[in-house]
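In what follows, a single structure is set out as structure tokens and then discussed.
The values are calculated or read from the model by the stated rules, or taken from the named source; none is laboratory data. This structure is a prediction, so every number in the text was calculated from the model and none was measured. Every residue, glycine among them, receives a Cβ derived from its backbone with ideal geometry; neighbour counts consider all protein chains shown.
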Amino acid sequence: MITLKKVLPSFGAQRIKENYSLSISEKSIRKIWKEEGLLKMKRKRHKTKQNLREIKAKWRLFEQMCIDTNDLQDIPELWSQIRALRLPKIQYTAREVTSGMLFIGYAEERTLIYAELFVRRIIEHLKA
């Protein structure tokens, strides 16, 4: 098993057991590989998130903003209401990353003019 893992590093325990008709369980195969140091330990996701939190905590207020547009017609739950009530089809969102402050605006179409108006309204609000 150890030589198989060294020759076929991308194969998992289940695949090696099936291909080579081994009688040992997959769990035991993994245990042996772990003892031999043949398994790569993946970095856990929460550590990555923790690193991002540290970076974001160093940013000043309004140093980083994420602005996005969403097509509301693509959401099946909203589509019939948008048509029946003639609701806006595009959602503009701006999120200030450090504080989590969120601004939302709506428009009939995705154009540069509407995007510019949305950003100008945010700026005017912040000035006030």
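Residue-level check: of (1) over 17 Å from T98 (Cβ atoms); (2) exposed (fewer than 10 other Cβ atoms within 10 Å of the Cβ); (3) not small (G, A, S), E54 misses just (1).
Could you identify the single residue in I24, I29, I16, I104 that is assigned by TED's automatic domain parsing to the domain that holds I122, modelled with pLDDT of 85 or more and β-branched (V, I, T)?
On the way: I24 fails: assigned by TED's automatic domain parsing to the domain that holds I122; I29 fails: assigned by TED's automatic domain parsing to the domain that holds I122; I16 fails: assigned by TED's automatic domain parsing to the domain that holds I122.
Checking each option against the conditions leaves just I104.
Any residue that is touching a helix residue (DSSP H, G or I) at 6+ places or on another chain (Cβ under 8 Å) and either modelled with pLDDT of 85 or more or at positive phi (or both) - is there at least one of those in the range 39-60? No; the residues of the range 39-60 include none that is touching a helix residue (DSSP H, G or I) at 6+ places or on another chain (Cβ under 8 Å) and either modelled with pLDDT of 85 or more or at positive phi (or both). Yes or no: the range 69-90 includes at least one residue that is within 30 Å of T3 (Cα to Cα), at pLDDT below 90 and surrounded by 11 or more Cβ atoms within 10 Å (Cβ to Cβ). There is no residue in the range 69-90 that is within 30 Å of T3 (Cα to Cα), at pLDDT below 90 and surrounded by 11 or more Cβ atoms within 10 Å (Cβ to Cβ).
Is it fair to say R83 is of a type in the set (K, R) and in the same structural domain as R110 (by TED's automatic domain parsing)? In short, yes.
Cβ-Cβ distances below 6 Å connect the following pairs, each with a first residue in the range 101-128 that is exposed (fewer than 14 other Cβ atoms within 10 Å of the Cβ), a second residue that is modelled with pLDDT of 95 or more and hydroxyl-bearing (S, T, Y), and a separation of six or more residues or different chains: I104/T93. Look at the range 10-23: where a residue is closer than 19 Å to L39 by Cα and a partner is loosely packed, with under 15 Cβ neighbours inside 10 Å and polar (S, T, N, Q), sitting 6+ places away or on another chain with Cβ atoms under 9 Å, you get F11/N19; A13/S25; A13/S28; K17/S23; K17/S25.
Among the residues of the range 36-48, are any surrounded by 12 or more Cβ atoms within 10 Å (Cβ to Cβ) and within 19 Å of the chain's Cα centre (by Cα)?
Step one: filter the range 36-48 for residues surrounded by 12 or more Cβ atoms within 10 Å (Cβ to Cβ), giving 36, 38-39.
When the remaining residues are screened for being within 19 Å of the chain's Cα centre (by Cα), the result is none.
Within the range 36-48, none of the residues are surrounded by 12 or more Cβ atoms within 10 Å (Cβ to Cβ) and within 19 Å of the chain's Cα centre (by Cα).
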